[in-house]
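The values are calculated or read from the model by the stated rules, or taken from the named source; none is laboratory data. On a predicted model such as this, the values are computed, not experimentally measured, just so you know. Here the Cβ positions follow ideal geometry from the backbone for every residue, glycine too, while neighbour counts run over all protein chains shown. Side chains are part of the model used for accessible areas, which takes the heavy atoms of the whole protein and leaves out ligands, DNA and RNA. Shrake-Rupley method; radii C 1.70, N 1.55, O 1.52, S 1.80 Å.
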Amino acid sequence: MSKKTVQKSKKRTTRTNKKRTTGVKANTVVKSTPVTSEKVTEVKPVEVPKKVDTVESTPKTTVQPKETSEKVVAAESAPAVKTAPAKKATTKKATAAKSTTATSKKTATAKSKTTTEKVAAKTTSTKKTASTKKATTKKTTTAKSTTATSKKTTTAKPKSIKSETPAEAKPTEVIQEVPVEKSQPIDLGPRRSVAFIGSECYPFVKTGGLGDVMSALPKSLAKLNMDVKVIIPRYKCIPQKFQEKMEYKGSFYMDLCADGKQYYVGIMEYQEDGVVYDFIDNDEFFSWGNPYTNLIDDIPKFCYFSKAALAALNYLNWTPDIVHCHDWQAALVPLYLRTTFKDTNVGRAGAILTIHNLRFQGVYDRKTIQYWSDLPDYVFNKDCMTQNWLDANMLKGGITYSNVVTTVSNTYAGEIQTEEYGEGLEEHLRYHSSKILGIVNGIDTDIWNPATDKLLAAQYDSQSVIKNKKANKKALQESLGLEVDDHKIVIGLISRLTNQKGLDLVNDVIPSIMDEHTQVVVLGTGDTMYEDAFRYYENKYKGNFCAYIAYNENVAHNIYAGCDALLVPSRFEPCGLTQLISMRYGSIPIVRETGGLKDTVQPYNLFDNTGNGFTFDRYESGLLYDAINRAKTLYFENRKYWDEMVVRDMNKDVSWQQSAKQYKDMYVELTPKY
């Protein structure tokens, strides 16, 4: 025994003799475990008490008597169970969360039973000799211990192990004690492969809402365990930065016309955000700068594109479960699937056609479409392609041969079956009403996010919108030449300048709504009559009216962030993204109750302070004027309620998450074979 160890043992003996307890002699500790104390001091690195089954780490293990085994268990849990000092067992408790050195010192002053038990446990986990001596010593000492204490301590064993499993526990034990909730795999449901076929897709090319849907919906579906491919034409107007990253995947020649004329089909590929983009390359059809030119040129171009897209899928040996085509430009895809490609791999896919705007149908001379498409004669009948005896309607044929027809809002799905909104196809759509489904669009909340939008003067979220929107309003007024005045209400209008968007109503009400408290900002291009009218108003109401006759993405972002309200008084609106973006940016929408506008904007109710915009129903300028005045009244007379509506709009879920789930459910229902 070393000199240093003997001194420590004497000190412990002195302290123990000072604290005597009734019925238990303190000097019992000194007499019964002198050698054991030395052993414990030497094996200080063993900090964490071991379980009973950790004895297998000892070179040789002997079976302990029953009493000793019980005490080993008790000793293990002793650090977790708060033990009492010798004098007051019922009041004071010792803490086991301290280091091993401190614990062994305190344990020496506790009652003899607990001290002896701890020593036995540590001795068992280190050396056989110490374990054997301990067993003999404990038999003498533990005769005075109570069975109740041992049972109580044993019960606390699981708790003791959990509370003392820092880094020093066995690796196997740590793995076992990891909570079940950690990184559980999320079940995203069945997997399907979908090929999107359309004429445009953001950020490559975009002229309207179709480009946004072709971009955002596939990315949302990819996050739901879907295998998605997007196929669009390779226009010359696609930015060079994307052209440079495209990878050549192959080429072939394809029969197209009724006389067997062949055309080159090249395939270029680009990948991003889990989506594969394939571009159909042909200079003869896609050498123009814009995706749409005139119907005479567009009919052959999109007959070629619809057939080439399916031929490319077969060439790449990529067989989708679903082919999802969009608008009249890809409406011949379902007909090709069920005729020309019916005996190929891609011919087994289900066909879905989405109508983004029923006004555009691809109607042209029947003989011309029949020549360029080379479709069989039997599809050119009054129940499929033929319209008005001499014309062929590409969208009508797609509706006939699709498994499902979707629209971009639920209300619009019903409206297109009426004479007012049916654009001449209402009877045909009513006949196919059983397969028509409306799913409202969402927006890409990564692109349209005021909290990260670098184009804004001040970024904001729903918590800081009231404060920071003022900075954006000021920046908008300064950049567009308006009077800088925070007390004026700024009303924005971002739209194509056509009759469909209700601009005749806007033109009628502007003289009535313009006063010293109102400013109006218009952004867009379109019909000359509206462009000239808005320029006139800009000159008449200098400093309070701005006509930005162009489309500028940067200006659009700043109008959404800087204006207080946004006008969307459409004659008809299949879905509408403008009102969704305005709510995302905290601008209150003023809309007509039609199509997607009705589905996404709930009218404000002053009595219970609910709703997220101002609406009117009939297509009348007087009702638009009334809706604008109701908005101005709330803005100036009850700013608290206005601000609450702004926050409510920003917190509204306008993403693709819910819509993408509905599309996936539709795909799964259409392909139940898996």
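Quick notes on this structure:
- L597 being in contact with a Cys (Cβ under 9 Å, 6 or more places away or on another chain) and either on the phi < 0 side of the Ramachandran plot or exposed (fewer than 14 other Cβ atoms within 10 Å of the Cβ) (or both): yes
- Some residue of the range 221-244 being closer than 30 Å to K661 by Cα and in contact with a Pro (Cβ under 6 Å, 6 or more places away or on another chain): yes
- Annotation: of all residues in the range 568-594 being open to solvent by 10 Å² or more (accessible area, probe 1.4 Å) and assigned to a strand (DSSP E or B), the one that is nearest to G438 (Cα to Cα) is R592.
- Whichever residue in the range 388-410 is out of contact with any Pro (no Cβ under 9 Å at 6 or more places or on another chain) and open to solvent by less than 40 Å² (accessible area, probe 1.4 Å) and, among such residues, is farthest from L353 (Cα to Cα): A392
- Near pairs, Cβ below 8 angstrom, 6+ apart or cross-chain, from the range 407-429 (on the phi < 0 side of the Ramachandran plot and charged (D, E, K, R)) to any residue that is surrounded by fewer than 21 Cβ atoms within 10 Å (Cβ to Cβ) and not in a loop (DSSP other than H, G, I, E, B): E419/E426
- Flag if R584 is basic (K, R), in contact (Cβ under 8 Å) with a residue 40 or more places away in the chain and within 30 Å of L221 (Cβ to Cβ): yes
- Scanning the range 477-514 for residues that are among the acidic types (D, E) and assigned to a helix (DSSP H, G or I), we see that the one that is nearest to Y619 (Cα to Cα) is D504.
- Selection count where residues are open to solvent by 30 Å² or more (accessible area, probe 1.4 Å) and either at positive phi or of a type in the set (F, W, Y) (or both), scope the range 190-226: 2
- Test set (1) out of contact with any Cys (no Cβ under 8 Å at 6 or more places or on another chain); (2) over 22 Å from L634 (Cβ atoms) - S512 fails condition number: (2)
- Among (1) surrounded by 15 or more Cβ atoms within 10 Å (Cβ to Cβ); (2) under 18 Å from Y560 (Cα atoms) - the single one D486 does not satisfy: (1)
- Any hit, the range 456-463, residues being exposed (fewer than 15 other Cβ atoms within 10 Å of the Cβ) and either among the β-branched types (V, I, T) or under 35 Å from the mean Cα position of the chain (by Cα) (or both): yes
- Qualifying positions in the range 430-446 - touching a Phe, Trp or Tyr at 6+ places or on another chain (Cβ under 9 Å) and either of a type in the set (D, E) or free of Cβ contacts under 8 Å to residues at least 12 places away in the same chain (or both): D444
- Within the range 328-363, tally of residues that are part of a strand (DSSP E or B) and within 25 Å of P672 (Cα to Cα): 6
- One residue alone among D626, D608 is out of contact with any Lys or Arg (no Cβ under 8 Å at 6 or more places or on another chain) and outside any helix (DSSP H, G or I), and that residue is D608.
- Qualifying residue in the range 239-249 (condition: open to solvent by less than 10 Å² (accessible area, probe 1.4 Å) and either under 26 Å from T368 (Cα atoms) or out of contact with any Cys (no Cβ under 7 Å at 6 or more places or on another chain) (or both)): no
- Matching residues, the range 557-587, being among the aliphatic types (A, V, I, L, M) and at pLDDT 95 or above: I559, A561, A565, L566, L567, V568, L580, I581, M583
- Scanning the range 270-289 for residues that are within 30 Å of L224 (Cβ to Cβ), open to solvent by 50 Å² or more (accessible area, probe 1.4 Å) and among the charged types (D, E, K, R) turns up at least one hit.
- Count - residues of the range 303-349 that are among the β-branched types (V, I, T), in contact with a strand residue (DSSP E or B) (Cβ under 8 Å, 6 or more places away or on another chain) and open to solvent by 20 Å² or more (accessible area, probe 1.4 Å): 1
- Any hit, the range 298-319, residues being closer than 23 Å to G422 by Cα and not in a helix (DSSP H, G or I): no
- Residue in the range 545-562 that is within 40 Å of the chain's Cα centre (by Cα), aliphatic (A, V, I, L, M), in a loop (DSSP other than H, G, I, E, B) and surrounded by fewer than 23 Cβ atoms within 10 Å (Cβ to Cβ) present: yes
- Filtered residue count, the range 504-552, keeping only those that are in contact with a Pro (Cβ under 9 Å, 6 or more places away or on another chain), closer than 18 Å to L567 by Cα and free of Cβ contacts under 8 Å to residues at least 60 places away in the same chain: 1
- Of all residues making up the range 428-447, the number that are open to solvent by less than 20 Å² (accessible area, probe 1.4 Å) and either part of a loop (DSSP other than H, G, I, E, B) or not hydrophobic (A, V, I, L, M, F, W, C) (or both): 5
- Meets criteria (closer than 28 Å to K206 by Cα and part of a loop (DSSP other than H, G, I, E, B)) for N381: no
- Test result for G526, farther than 21 Å from E644 by Cα, at pLDDT below 95 and open to solvent by less than 20 Å² (accessible area, probe 1.4 Å): no
- Condition met for M645 (within 19 Å of L597 (Cβ to Cβ) and either in contact with a helix residue (DSSP H, G or I) (Cβ under 7 Å, 6 or more places away or on another chain) or open to solvent by 70 Å² or more (accessible area, probe 1.4 Å) (or both)): no
- So D255, is it open to solvent by 10 Å² or more (accessible area, probe 1.4 Å) and under 32 Å from the mean Cα position of the chain (by Cα): no
- Among residues of the range 648-674 being over 16 Å from the mean Cα position of the chain (by Cα) and not in a helix (DSSP H, G or I), the one that is surrounded by the fewest Cβ atoms within 10 Å (Cβ to Cβ) is K673.
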